[in-house]
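Structure first, then comments.
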Amino acid sequence: MHTAADHATAAAAVAANPATAATPLATLQDGQAMHALARRLWPIPRSITGDGVRATLAVLRETCMPGLQVHEIPSGTAVFDWNIPREWRVREAYILTPDGQRICDHAVNNLHLLGYSVPVRTTLSRAALDAHLHSLPDQPDAIPFVTSYYKERWGFCLRHDQREALPDGDYQVVIDTELFDGSLSYGELLIPGETTQEVLLSTYVCHPSMANNELSGPVVTSFLAAWLAALPRRRYSYRIVFLPETIGSIAYLSRHMESLRRNVVAGYIVNCIGDDRAYSFLPSRRGDTLSDTVARHVLQATDPAYKSYSWLLRGSDERQYCAPGVDLPIASIMRSKYAEYPEYHTSLDDLERVVTPAGLAGGLRVFQRTLMAIERQCRPRVTVLCEPQLGKRGLYPTLSGRGPGQAAQLYLDVLSYADGGHTLIEIAELCGVPVWELYPLVDRLAEHGLLAL
Amino acid sequence: MHTAADHATAAAAVAANPATAATPLATLQDGQAMHALARRLWPIPRSITGDGVRATLAVLRETCMPGLQVHEIPSGTAVFDWNIPREWRVREAYILTPDGQRICDHAVNNLHLLGYSVPVRTTLSRAALDAHLHSLPDQPDAIPFVTSYYKERWGFCLRHDQREALPDGDYQVVIDTELFDGSLSYGELLIPGETTQEVLLSTYVCHPSMANNELSGPVVTSFLAAWLAALPRRRYSYRIVFLPETIGSIAYLSRHMESLRRNVVAGYIVNCIGDDRAYSFLPSRRGDTLSDTVARHVLQATDPAYKSYSWLLRGSDERQYCAPGVDLPIASIMRSKYAEYPEYHTSLDDLERVVTPAGLAGGLRVFQRTLMAIERQCRPRVTVLCEPQLGKRGLYPTLSGRGPGQAAQLYLDVLSYADGGHTLIEIAELCGVPVWELYPLVDRLAEHGLLAL
Amino acid sequence: MHTAADHATAAAAVAANPATAATPLATLQDGQAMHALARRLWPIPRSITGDGVRATLAVLRETCMPGLQVHEIPSGTAVFDWNIPREWRVREAYILTPDGQRICDHAVNNLHLLGYSVPVRTTLSRAALDAHLHSLPDQPDAIPFVTSYYKERWGFCLRHDQREALPDGDYQVVIDTELFDGSLSYGELLIPGETTQEVLLSTYVCHPSMANNELSGPVVTSFLAAWLAALPRRRYSYRIVFLPETIGSIAYLSRHMESLRRNVVAGYIVNCIGDDRAYSFLPSRRGDTLSDTVARHVLQATDPAYKSYSWLLRGSDERQYCAPGVDLPIASIMRSKYAEYPEYHTSLDDLERVVTPAGLAGGLRVFQRTLMAIERQCRPRVTVLCEPQLGKRGLYPTLSGRGPGQAAQLYLDVLSYADGGHTLIEIAELCGVPVWELYPLVDRLAEHGLLAL
């Protein structure tokens, strides 16, 4: 007989087979390359519209995805219950203190300017200025990220300790921005596969200088796209989008609803995927799609302590992809989830203390394992009645004492569940092993004509 | 992002909306009025037949339900496997002790006479008398409630301490009762609604001078009927019956089986609903009807420590309503359940120590919430694809920092589940709030054209 | 009202009814008879083929089953992915030590010879001999059971302490065996019932001198067969097979697949059923067949601490019976499971320390209860609407105080679930009693015309 430990040993034995090395997973070196890309993107001033988004997409296309297409949707276009907002452009923004010091300078840190601030030039007292300042009393050394996309206002964000130290006197406010009829930009990459069924990967490029949320998503997605494009074969086609959050996914759905609902079999939001502190999962609205099943399996095998969040704690584009009537099978795989780490949506979410090469590499690996499991999903069926005789095929020890031995038992367990009904992931879970440890085993049984995949 | 506590706060905020005050719930004042009615009914000597039942129904009709109809079924009538028993009338009953003292006087406490005692006039020794006495050794100060509806016998019930103190000697027994071919009485009130689908409320009027079991049921049911009749609108029709337990419900089912099975969508036994010690639930036989779902939700929100009993611990008319082949969706909502409190079926179950105004008011409130939830049951469906833009409707904060705020999040959560499949109660449970806290929210979303109810 | 304890008391009360004594269960005396039969079979040298199997089947037929048929399948016959191996015959086998002592003598203990050893006569050094010796370092006083059915080799098994004490020098090896084109033998007994639906009982006769695994299976199965044949009536027909493990069940399935899949409604592997240390259960592959449900119920009532094993820990002919495409409803009821007791597959698994008369009797009783529950399976339906009036049939106390009393409550509970949907075992589980305690109760209700079985 055998134990769970036996299974692990057996699985490790088969995993060593060179055949499983076909699709290499992300290494720390890949993590360092992603981290370098994130550093390059860091200072670009992104918002839900504007040249910052276009510059970001250009860098991603140049570094990873030559096939990335950039699309524009004019301001005012109706997209379901919304309209594309006006485009926002920033030339400069700062405050001059009474003693002539320049603070809250957008050029120094683009979080200083409240997102979508309307233009203003004025002088205010300290008291009048205060109504336009935003800081976090509980995190005095952090600049918060604050926006007002849909209501005209202006403001600055700064460290609370700096705010408290501001003296009385007259402050000069300079916000040289523009809101105009332009367009919203997004990037789309289509990687064809053997079928027209699709896997959707969605990330966002609307956050300015913050790391986990959200430079980790675009850089991991870009490297994932490059890896997918380099695979020798793909069963599924891949649709990869780089959007501004919410308005971008609503706009994309308004353009592609029918084909997405027809073709998408699985998919994920890629965000908050760069720290090394945790793995997290947010389900689709229904919670029982292929995306949910595969992600849970991979995360459980990667880190049994991964955090699983309720749908009630969502906050990204799954709100659109899983809305009633849309109902795409989209879940989220993350490292530390947005709103669940202290640096979230502040200047402290940076590329030193939060996002690391190891974190990014781990995030990319989880996605590679997940997409490979979706690619390899099947319902294997044994081709003989009763157990096959593994011994004559060199798959079973011929000296029987107290049981068949660990490796042989895993073959027998897989064969016993291979009834054409169980999926490969279900078989892996029944056998207590990660699904990737079954790939060489099922390939070998298929070579012997014992399994129809 | 938001927490469960945030939901509670959000729900409280929307509950303050004057629109939700449309259907006021029972107050302590109502409890006092019910208690007074119970005191008025207390001394009437009820049994499964007889003038005591008729007098009780007359009081209920006069005080609460002018439309209450009283029906009579002749003794001997076959009702399924049973027959209506003979009617029982009591003129007087007592025992004279050897020293001429009158004890066990039915006029002093109608529990003294064993229910359905046959007439007898005789003199007995202490020893011979003892075979006809009933007391509770474990509760020496209580007079037990004992009956013999279907086998002719006679007897007296008394306090055990009194029984033990009875001296030797000759005892004169006087039981001036009559068993004759009369009829069984029951009350029925029909309150029409917009549809012919019905909610059934059933209580019983066959217990003599005991409070929780069973004066609380008839008084709460009467006040509930008056409240229902006063509602500005009712989707459902209400069928409210005041029966003798078991034989009454069997008789009622034998008369109305086909229309009940066709029309009744939910219903409850109303009994043991007057104390302030607990809330309790007894399921329907199948346990998964609308009545079960709604009651469990309301009780959980009222008192998370409510006691949930197994079908095996039933003891009232659900035994008939849920019998195989009858299968009506009837459950029981109670305060302290029969047989689960020490005063049950004794003289100690009274209007001082067990049934109180606060207890009756709480019981009535739970039923009001339950029936309102049934009235408001729907499967709301959002009318747009993707999230609607709440901000332009004044339903969403326009300054976004770390999340939409508590009230707005509840709107988004309700909208995300409003797929035309989830019922309103299911949405409430998914969102972790009592369903009544969603009424003003869904009404407001419907006013904005965002929800189809 | 009533408690679980009340149910137990009620059930015991009805169990005393002489009607339930119709089918007596195994006693210790039966256990002693089975133990004697096992002693008689003990020394016969069994393997997956050969005269030892034939001799064993002959003893079983003579003692318990005159209708037992012995079948032969020629060596080389293709049976699904396997072929019937050559037949193995042993004349003698031993080793002569350097000082002329005869050790590892097959005539002394047939475990000494590695199963299916090819013939050899040779002289070897101690070192060269060692490659052909098998012992258990962790159990130095045990001779292990080792076989090599499908690869030609030879070897001896011995106690590890004896092996370590063997001196250097020349050893003479004598293995006078023969592998020839003969046949595989198995026994089959068919006991007809009122229907052609079948219950399959399968055990094996291929293990040499070991007790729990596997003489307990054949002896309990034989006594079970005799008990079945003596029943006054049987709804099901019984198909009882005595096979060599694995190759025997594969061969049997290759001959009877279509009729087995059509007729078999339930069945069990009978093995490891003779010790008194535990009760164990191994499910069918799907885990939800009638065999699973009934076995779990009986085991739970017999020993709530029974061990329930995962399908992953199987090791017997359920591997064939439950293979995909075969999918017979076969589970295993055992005492201590193979590989889960220290003496397993060694000379220590004997008729003193492991298998006892009490153990065998308990094993037989569990199977009797299980098969009787399958025989009595029904979906009872109450024949009246609402509760029947039990009092007029003498089934209900007529003096009602605080509830109907324990025995009457069990009648009411069974009637309340008798909706033509619940099986009798489901009703027993809902009522919290072993199903056999309901047999006299349902018979009595059926006699009164209140239940249709």
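The values are calculated or read from the model by the stated rules, or taken from the named source; none is laboratory data. These figures come from a predicted structure and were not determined experimentally. Positions of Cβ are generated from backbone atoms using ideal geometry, with glycine treated the same way; all protein chains shown enter the neighbour counts. Surface accessibility is based on the protein's heavy atoms, side chains included, excluding ligands, DNA and RNA. Shrake-Rupley method; radii C 1.70, N 1.55, O 1.52, S 1.80 Å.
List of remarks:
- Taking the three principal axes of the alpha carbon atoms in the protein assembly as shown, the coordinate ranges are 113, 112, 49 Å, sorted in descending order.
- Spin-label pair C:Asp168-C:Glu352: with each label point 7 Å from Cα along the Cα-Cβ axis, the two points sit 3.8 nm from one another.
- Considering all C-alpha pairs of the stretch B:87-180, those separated by over 19 Å amount to 34%.
- For the stretch A:87-180, the solvent-accessible area of protein heavy atoms averages 46 Å² per residue (probe radius 1.4 Å; ligands and nucleic acids excluded).
- For the stretch B:355-453, the fraction of alpha-carbon pairs in successive 5 Å shells from zero, as %: 2, 12, 21, 21, 15, 10, 7, 5, 3, 1, 0
- In the full protein context, the stretch B:362-453 carries 33 Å² of accessible surface per residue, based on a 1.4 Å probe and ignoring ligands, DNA and RNA.
- Spacing of the modelled spin labels on A:Glu340 and B:Asp181, each 7 Å from Cα toward Cβ, amounts to 7.8 nm.
- For the peptides C:109-118, B:212-221, A:63-72, residues were scored by their other Cβ atoms within 10 Å and the scores averaged per peptide; the highest-first order is B:212-221, C:109-118, A:63-72.
- Three-way shape label, the stretch C:30-153, alpha-carbon gyration tensor, a/c 1.5: oblate
- C:Arg286-A:Arg286 FRET efficiency (beta carbon distance; Förster radius 25 Å; 0.05 resolution): 0.45
- The calculated FRET efficiency for the pair C:Gln197 and B:Leu313, based on their C-beta separation and a Förster distance of 35 Å, comes to about 0.35.
- Dipole magnitude of the stretch C:87-180, debye to nearest 20 (Cβ charges: Lys/Arg +1, Asp/Glu -1, about Cα centre): 220 debye
- Average beta-carbon neighbours from other chains, 10 Å sphere, peptide A:304-316: 3
- Carbon/sulfur fraction of accessible area - chain C, other protein chains in place, 1.4 Å, %: 50 percent
- Listed peptides B:285-297, A:273-285 by packing density, highest first (mean Cβ within 10 Å): A:273-285, B:285-297
- Ranking B:Pro140, B:Trp154, B:Leu111 by how far each Cα lies toward the positive end of the dipole of the stretch B:87-180 (charges on Cβ) leaves B:Trp154 at the top.
- Between copies, the label points at C:Ser310 (set 7 angstrom from Cα along Cα-to-Cβ) are spaced 3.0, 3.0 nm, reported in nanometres from shortest to longest.
- Per-residue shielding of B:320-326, expressed as the average number of other chain Cβ atoms within 10 Å of the residue Cβ, stands at 6.
- Inter-chain Cβ neighbour count for B:377-390, averaged per residue, equals 5 (cutoff 10 Å, partner chain atoms only).
- Across the copies of the chain, A:Glu152 has label points (7 Å from Cα along Cα→Cβ) spaced 9.8, 9.8 nm apart, shortest distance listed first.
- Taking all protein chains as shown and a probe of 1.4 angstrom, B:His422 keeps an accessible surface of around 50 Å².
- Among chain B residues, the beta-carbon with the smallest distance to the axis carrying B onto C is reported, with distance in whole Å, as B:Asp288, 12.
- Across the identical copies, the 7 Å label point of A:Thr195, projected outward along Cα→Cβ, sits 4.1, 4.1 nm from its counterparts, in ascending order.
- Dipole magnitude (debye, nearest 20) for the protein assembly as shown, charges at Cβ of Lys, Arg, Asp, Glu: 2100 debye
- The order of A:Leu410, C:Leu313 by accessible area, most exposed first and with a 1.4 Å probe, is C:Leu313, A:Leu410.
- Under-14-angstrom lysine pairs by C-alpha in the protein assembly as shown, whenever the two are 8 or more apart or on separate chains: 6
- A cut-off of 5 Å between modelled amide H atoms, ignoring neighbours fewer than 5 places along the same chain, links B:Val205 with B:Leu243, B:Glu245.
- Cα-derived Rg to Rh of chain C, Kirkwood definition: 1.07
- Other residues within the sphere of radius under 11 Å centred on the Cβ of C:Ser202, judged by their own Cβ, net out at -3 (K and R +1, D and E -1).
- Across the options A:Ala361, A:Gly449, B:Ile374, the greatest Cα extent toward the positive end of the charge dipole of the protein assembly as shown (unit charges at beta carbon of Lys, Arg, Asp, Glu) belongs to A:Gly449.
- Annotation for the A:C interface, with buried accessible surface near 2600 Å², both sides summed [1.4 Å probe; non-protein components not counted].
- Dipole moment magnitude, nearest 20 debye, chain A about Cα centre, only Lys, Arg, Asp, Glu C-beta charged: 1140 debye
- Computed per residue of chain A from DSSP H runs no shorter than four, each worth -39500 (n - 2.57), the mean residue ellipticity at 222 nm is -10000 deg cm²/dmol.
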